[in-house]
Structure formats: structure tokens, C-alpha cells
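Take a look at the structure set out below.
The values are calculated or read from the model by the stated rules, or taken from the named source; none is laboratory data. Note that the structure is predicted; figures quoted are calculated from it, not measured. Glycine gets a Cβ as well: all are built from the backbone with ideal geometry, and neighbour counts include every protein chain shown. For the accessible areas, the whole protein counts, side chains as well, though only heavy atoms, and no ligand, DNA or RNA atoms are used. Shrake-Rupley method; radii C 1.70, N 1.55, O 1.52, S 1.80 Å.
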Amino acid sequence: MEFTPLRISTVKPLRDLTFDLYIFFKEHYLCYAKRGEQLSEDKFQKLKTQKIAKFFITEQDEVNYQKFLDALLDETLSNPKIDLEEKVNMAEGAASSAVERMQKNPTESAYRATEKAAKSLRQVITGNPDTLKKIFGKKVEKNEEIIKHSLNVCALAVKLAEVKRCTEQEMDDLGTAALIHDIGLTTFNKDDIQLFYKPKKFLSNDDKRVYYLHCKDAANILKEKPYVTPAILELVMNHEEVASGLGPNKKKKLSLQEEILSLVNNYDKRTITNKTSPAQTLKDMMIDELGNYELNLLNDFKKVLQTEGLLE
Ligand SMILES: [Fe+2]
Ligand SMILES: [Fe+2]
């Protein structure tokens, strides 16, 4: 039997499960709750704090779980009585699960889950001014860093796109592309993945050649999938491009969406590799990246970071 991972924050207590919920414990999949059952508040809280257990559904239950999650997201995000913390946790859980699934096996179901997760994140961000602060305030364990980076890029990119008056479709595309932009990194071996953590200015030409392969790798993974639209494919493929033409595809003329994704990716990546504060990272970028992004966009990005309280 094949299993699909999920985050426990995307399941709720006292709600009929429409799928069998498994935990992975001591090298085994154990059915923890059956469809039709509910998780008690108590059991749910215990599961949430349980770091050793991972949660799964069977591949056959993917459709049932997705329907369950879609309804739960719609209800949770539109309910004014539910606090922001819970909304953010659920949208993040949906996004993290989706990215993890896309890394492992980019099926249509995983892709649709990614689209829905990106939309949900955007919905929380648009409706609640403190969302970005909550998202960026969270730290994760090392093995979750690339997923967290993808969520950060998604959140900041849709916010900047909103300021730049992109259309709904453009914002949805940006959100989805941002979540999967680095799935090419999953094909890297243990040594090469270290390049993700190395500051760009210390990458040798050889390092760059290897590191930049992740853009092509992602494109190769996605281009055969009929459900991935050309717009998403282009965005993913060009997420490391810069106007000076020094990106992996040497592209100089970037669309606004491509420039937003590249800029935001560059920013979040710097905070990981250079370990600089948000304010310092921005300062460095205003100097280092002048020929790479429109000054106008850099300034709008600075405004976003300021108004969202991310520079404090
Ligand atoms: Fe990348
Ligand atoms: Fe990235």
C-alpha cells in the first residue's frame, strides 16, 4: 500500500473523518483512526505535540482527504470567530503537506492540493494584516527548511503582487509557482544540497553550475504533466533569473511576475544562507541587486516589508 503524508494541523477534532488516518511509528504504518470516527479534543492535542509520529493517508484516500481539507479550509478561513493563529496554522499545514507531496511525487492530486493551498494562504494574507508577521516569525527544523522557504516565498510574493496590482490569476499563479519553485532541489544528493545553504557570493562557478541545475530539473519534472500550465512552468524555470542576465537561463527580460518571484526568493534565501536580519538583508540587496531588479520594485518590496512589520 502507498501512503501520502499530511500535517496534523489540517485535521480537526470532533469532525467525522472521511479517510483512515495512519501514523508512522517505529518504522510501521499504524491505523490510528478509521473513517467515520472522530478525533477527541484530547487525542488531537496529544497528536499535535507528538514529534515522533508522522501522519499519513493511503493513496486511495487522497480524494476523500482533499475534499475534507477543502471544506475545512473554506469554513475555517471564512469564520470570523476563529482566531488568526488557527487560520494561519491550517493554511500553512495545507501548504506544507502539498509541497511535501509535490517533492515526493508530483501527481495531479498533489498539484491540485498545491493550487488550493496557495489560494488559501493568499486568502489569509489578504484578509488579515498580521499574517506575514506570524508566518515569518516561525522557525522550523533543518529538514523542513526548504518547505518553509517555499511558504515564505509564496506569502511574500502574493503580497508584493497585490501591491503591484497583479490580476487574481497572476496572484494565484505566483502563489502556486512559489510553493513548488524549488522542487528541483529534491533530486540533489546530500553533498549538492549543501549548496542551498551557501551564500551566493561564495559559490564558485562550478558550484553555481550544479546549484542552478535545480531550475532545469524542476522544469523537466513538471513539463510532462498536462495539468501544469505553461505560466507556472515558466515561473518555476525562471525563478533564479535576474535582469543582468547572470541567471541560469541568462534571461534578461523578465515579466513582472518573474521578477517578483526572483526578488522574493533572493530575499528569503539570503536570510537563510547569510543569516542576516531582515533589515540588513534588505540593505544588502539594495546595494548588491541594483542591476538585477527594477529600483521601483525594490522600493515597493521595502514598503511591503515595512508595512507588514517584518523589519522590526
Ligand atoms: Fe531556487
Ligand atoms: Fe528558492
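Key figures for this structure:
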read-out	value
Helix 168-180 axis, angle to the chain major axis (alpha carbon atoms, nearest 10°)	80 degrees
Residues Lys303 and Ser78, FRET efficiency given R0 of 30 Å [Cβ-Cβ distance, rounded to 0.05]	0.55
Within the chain, helix-based [θ] at 222 nm, where runs of 4 or more DSSP H residues each add -39,500 (n - 2.57), nearest 500	-18000 deg cm²/dmol
Inter-part distance where region 113-176 and region 200-271 are each reduced to a Cα centre, Å	18 Å
Order by protection proxy (mean Cβ within 10 Å, highest first), peptides 77-84, 153-160	153-160, 77-84
For Thr114, net neighbour charge (Lys/Arg +1, Asp/Glu -1) across residues whose Cβ lies under 15 Å away	-1
Largest-first ordering by accessible area, 1.4 Å probe, given options Phe25, Phe3, Phe44	Phe25, Phe3, Phe44
Residues in region 239-260 that a label on Lys223 would reach, taking backbone N under 20 Å of a point 7 Å out along Cα→Cβ	239-242, 247-255, 258
Net length gained if the chain between Ser204 and Gln60 were fully extended (0.36 nm per residue, minus Cα distance)	47.3 nm
Rounded to the nearest 10 Å², the accessible area of Asp191 at probe 1.4 Å	120 Å²
Length gained when the stretch Lys46-Thr167 is fully extended (0.36 nm per residue, less Cα-Cα span)	39.3 nm
Surface share of carbon and sulfur [accessible, 1.4 angstrom probe, percent] for the chain	52 percent
Angle in degrees between helix 84-104 and the longest Cα principal axis of the chain, rounded to the nearest 10	80 degrees
Neighbour net charge for Lys200 - beta-carbon separation under 15 angstrom, K R +1, D E -1	-2
For the chain: accessible area per residue (Å², 1.4 Å)	49 Å²
Positive dipole terminus of region 153-238, leading residue within Ile221, Leu195, Ala178 (C-beta point charges)	Leu195
